[in-house]
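To start, the structure under review is shown below, and the notes come after it.
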Amino acid sequence: MEKKYLIQEFEQVTPEQLLPRVKEMKKGGYRLGQACATKQADGNIFVMYSFDLDHVLHNLKVNVPADLKLQSVTGDYWSAFIYENEMHDLFGITFENLALDYGGRFFKVSEPTPWNPQN
């Protein structure tokens with residue numbers, strides 16, 4: 001018996017490809033599982049959105065450009081506002097067209113963008 005829950009697919013996308021791919025995921029019946037970010041050694045920010053369909057994870061990976069801007073996926077997955085506001089507050093990423101934008105006040109932090117202090 002195949003253990004589908006052990007399967008993960010990873011797809012690298014550009015910032016311009018992110019929103020069209022997310023729309024395809026939504027149309028294909030995928031649910032949003034999570035989104036996260038991390039700072040890389042070169043100073044860029046790596047963002048990953050994880051989607052589930054029938055216990056198989058499909059992850060979209062994107063390197064955020066130097067100006068730290070991405071199109072929000074909340075038009076297709078409204079609940080992503082939580083993840084995107086978190087990434088904004090902790091890493092300084094600006095999400096354009098964010099459905100519910102806390103404007104940098106989603107978390108109370110001691111310093112702005114603590115996980116990306118150069119921002």
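For (1) surrounded by fewer than 14 Cβ atoms within 10 Å (Cβ to Cβ); (2) in a loop (DSSP other than H, G, I, E, B), each residue gets a yes or a no:
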{"site": "L60", "(1), (2)": "no, no"}
{"site": "N63", "(1), (2)": "no, no"}
{"site": "W78", "(1), (2)": "yes, yes"}
{"site": "E84", "(1), (2)": "no, no"}
{"site": "Y102", "(1), (2)": "no, yes"}
{"site": "F107", "(1), (2)": "yes, yes"}
Which one of these does I45 not meet: (1) touching a residue at least 60 places away in the same chain (Cβ under 8 Å); (2) farther than 23 Å from E9 by Cβ? (2)
D67 vs. criteria out of contact with any Ser or Thr (no Cβ under 6 Å at 6 or more places or on another chain), exposed (fewer than 14 other Cβ atoms within 10 Å of the Cβ), under 15 Å from P117 (Cα atoms) and not small (G, A, S): yes
Would you check if D42 is at pLDDT below 95, among the charged types (D, E, K, R) and part of a loop (DSSP other than H, G, I, E, B)? yes
Within the range 11-26, is there a residue that is at positive phi and out of contact with any Leu (no Cβ under 9 Å at 6 or more places or on another chain)? no
Considering each residue of the range 86-100, count those that are surrounded by fewer than 15 Cβ atoms within 10 Å (Cβ to Cβ) and either closer than 22 Å to D42 by Cβ or under 13 Å from the mean Cα position of the chain (by Cα) (or both), and give that number. 1
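The values are calculated or read from the model by the stated rules, or taken from the named source; none is laboratory data. What you see is a predicted model; the values in this text were computed from it and never measured. Glycine also receives a Cβ, built like all others from the backbone with ideal geometry; neighbour counts cover every protein chain displayed.
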